[in-house]
Amino acid sequence: MITSVIESIHEVPAAEWEHLARPAGLYLSHRWLAGEEEDPTAIRAYALVRDLDGALLAAAPLHLVREEPNDSYRPETVLPEHLRPRVIAGARRGYHNAPLTAPGLDPARRDACLAALRDAVRRFADHHGTTHWWPYLTATAAARLAPLYPRPALHLEDDALIPLPGRSIEDYISSLPSQRRVGVRRERRRFAAAGLDVRRQQLSDCFEDAGVLLAGHQQGHGHDRDGIDAMTGLLKRQAAAMGSEARVVAAYDGHRMTGFCLYYHYGSTTWIRAVALDRDHPAPHLYFNLMYYLPIEDAYARGTSALHAGMTTVEAKRRRGAEVSGLYALVDRDPAGPGGPRVRTARDRGPLPSA
């Protein structure tokens with residue numbers, strides 16, 4: 001196998017990258033990563049593992065972080081105090097991460113690819129005088145990578161995925177327990193009775209209105225840096241990078257946007273990216289319809305089979321049929337110094353998620 005590190009995702013043909021990325025999720029897709037290269041808060045590179053014929057077997061984006069605006073990706077916020085890696089391996093956004101490996105590899109070859117990938121990431125971090133970590137790994141990814149790392153996987157959060165059986169939202173509702181079926185139908189009915197104008201559009205057509213609502217949402221949750229200019233700029237960049245793939249369903253009262261949901265159909269999943277409401281203009285069950293039921297309608301229309309609802313408010317997502325699994329972090333050894341690399345001891349070992 002041949003390992004290398006390149007500077008831009010554009011050095012890999014999109015179809016070749018997507019062969020690995022499509023099963024892994026939106027935030028490792030070629031188009032998403034190309035858009036992230038415009039973000040000045042990190043230097044990006046990509047570790048690749050190829051066979052002797054040049055076929056791409058494994059890959060991972062690398063992010064040498066200059067400044068991390070998201071507290072959930074700051075090592076000092078989510079890792080033990082003495083660990084301060086500056087290189088993020090894999091996805092840096094979206095709270096859903098995995099190393100990319102080619103479909104169909106047998107376990108032994110896959111594990112060899114992961115070891116080669118780990119070594120390439122480690123050399124990149126060593127070159128920059130730091131270490132690396134994989135934040136928000138899926139349980140399967142954490143179990144496969146954990147034998148290669150000196151510390152046990154650290155549980156960070158839980159992640160919710162709502163299966164979408166059948167062919168329509170009625171099939172989804174019918175899959176819920178009887179009491180929840182009654183509740184969902186009531187929430188949909190009361191929202192419809194409010195008479196708001198529901199519009200489905202591209203993000204590029206509404207990023208300014210959405211940016212105002214998103215800034216209010218972020219600041220309401222204590223993120224004072226996320227003002228209107230910052231959030232509008234972020235959504236504008238995302239709209240430019242993702243084009244027609246960036247879909248919005250929004251509720252309007254006249255000309256005023258009162259709430260929106262930004263989402264993507266990618267692979268077999270519809271991925272919720274952001275939801276925000278105008279709290280000064282409430283409507284019955286506006287949040288539940290924007291977060292779940294309206295995107296679910298579009299998911300069925302697109303033919304995806306699951307809604308990625310993400311972290312937080314996990315119990316509310318369980319009540320709407322979500323399957324919940326853990327998200328984990330793996331952190332590499334301490335930087336080599338006068339005492340050399342840290343050696344794993346029995347105390348480092350602990351329970352790991354199963355593959």
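The values are calculated or read from the model by the stated rules, or taken from the named source; none is laboratory data. Bear in mind the structure is a predicted one, so any value in this text is a computation, not a measurement. No Cβ is skipped: glycine too gets one built from the backbone with ideal geometry, and neighbour counts run over all protein chains shown.
Find the helices (runs of 4 or more DSSP H) located wholly in region 129-245 whose residues include 1 or more that are over 23 Å from Ser268 (Cα atoms) and assigned by TED's automatic domain parsing to the domain that holds Ile272, and list them. Explain how you work it out, then say what you get.
Values: elements: 139-145, 169-174, 178-193, 207-220, 228-242.
Passing ranges, in order: 178-193, 207-220, 228-242.
Do we find that Glu81 is touching a strand residue (DSSP E or B) at 6+ places or on another chain (Cβ under 9 Å), among the charged types (D, E, K, R) and surrounded by fewer than 18 Cβ atoms within 10 Å (Cβ to Cβ) in this structure? Can you show your working first?
On the way: touching a strand residue (DSSP E or B) at 6+ places or on another chain (Cβ under 9 Å): no; among the charged types (D, E, K, R): yes; surrounded by fewer than 18 Cβ atoms within 10 Å (Cβ to Cβ): yes.
Here the answer is no, as Glu81 does not meet what is asked.
Where the second residue is of a type in the set (D, E, K, R) and assigned to a helix (DSSP H, G or I) and the first is closer than 17 Å to Ala239 by Cα and without any contact (Cβ under 8 Å) to a residue 60 or more places away in the chain and lies in region 26-49, which pairs have Cβ atoms under 6 Å and are six or more apart or on separate chains?
Partner pairs satisfying both residue conditions: His30/Glu18.
Which members of region 95-109 meet the condition of being among the aliphatic types (A, V, I, L, M) and part of a strand (DSSP E or B)?
To start, the set of residues in region 95-109 that are among the aliphatic types (A, V, I, L, M) comprises 98, 100, 102, 105, 108.
Of everything in region 95-109, just one residue is among the aliphatic types (A, V, I, L, M) and part of a strand (DSSP E or B), namely Leu100.
Identify, by number, the condition in (1) within 29 Å of Gly166 (Cα to Cα); (2) in a strand (DSSP E or B); (3) not aliphatic (A, V, I, L, M) that Phe288 doesn't meet.
The number of the failed condition is (2).
Residues Tyr252, Tyr264: which one is in contact (Cβ under 8 Å) with a residue 24 or more places away in the chain and under 21 Å from the mean Cα position of the chain (by Cα)? Explain how you work it out, then say what you get.
On the way: Tyr252 fails: under 21 Å from the mean Cα position of the chain (by Cα).
From the options Tyr252, Tyr264, the qualifying one is Tyr264.
From Ala60, Ala112, grab the single residue that is modelled with pLDDT of 95 or more and either assigned to a loop (DSSP other than H, G, I, E, B) or more than 17 Å from Tyr27 (Cβ to Cβ) (or both). Please lay out each step first, then the result.
Values: Ala60 fails: either assigned to a loop (DSSP other than H, G, I, E, B) or more than 17 Å from Tyr27 (Cβ to Cβ) (or both).
So the residue among Ala60, Ala112 that is modelled with pLDDT of 95 or more and either assigned to a loop (DSSP other than H, G, I, E, B) or more than 17 Å from Tyr27 (Cβ to Cβ) (or both) is Ala112.
So which residues in region 100-124 are under 17 Å from Ile6 (Cβ atoms) and either surrounded by fewer than 18 Cβ atoms within 10 Å (Cβ to Cβ) or not assigned by TED's automatic domain parsing to the domain that holds Ala142 (or both), if there are any at all?
Selection gives Asp119, Arg123.
Let's see how each residue does on (1) farther than 26 Å from Gln218 by Cα; (2) surrounded by fewer than 16 Cβ atoms within 10 Å (Cβ to Cβ):
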{"residue": "Ser4", "(1), (2)": "yes, yes"}
{"residue": "Ser8", "(1), (2)": "yes, yes"}
{"residue": "Trp32", "(1), (2)": "no, no"}
{"residue": "Ala47", "(1), (2)": "yes, no"}
{"residue": "Arg74", "(1), (2)": "no, yes"}
{"residue": "Ala98", "(1), (2)": "yes, no"}
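Criterion first (crowded, with 18+ Cβ neighbours inside 10 Å, under 16 Å from Ile43 (Cβ atoms), of a type in the set (D, E, K, R) and in the same structural domain as Arg333 (by TED's automatic domain parsing)) does Arg86 satisfy it?
Values: crowded, with 18+ Cβ neighbours inside 10 Å: yes; under 16 Å from Ile43 (Cβ atoms): yes; of a type in the set (D, E, K, R): yes; in the same structural domain as Arg333 (by TED's automatic domain parsing): yes.
Yes; evaluated as a whole, the condition is true for this residue.
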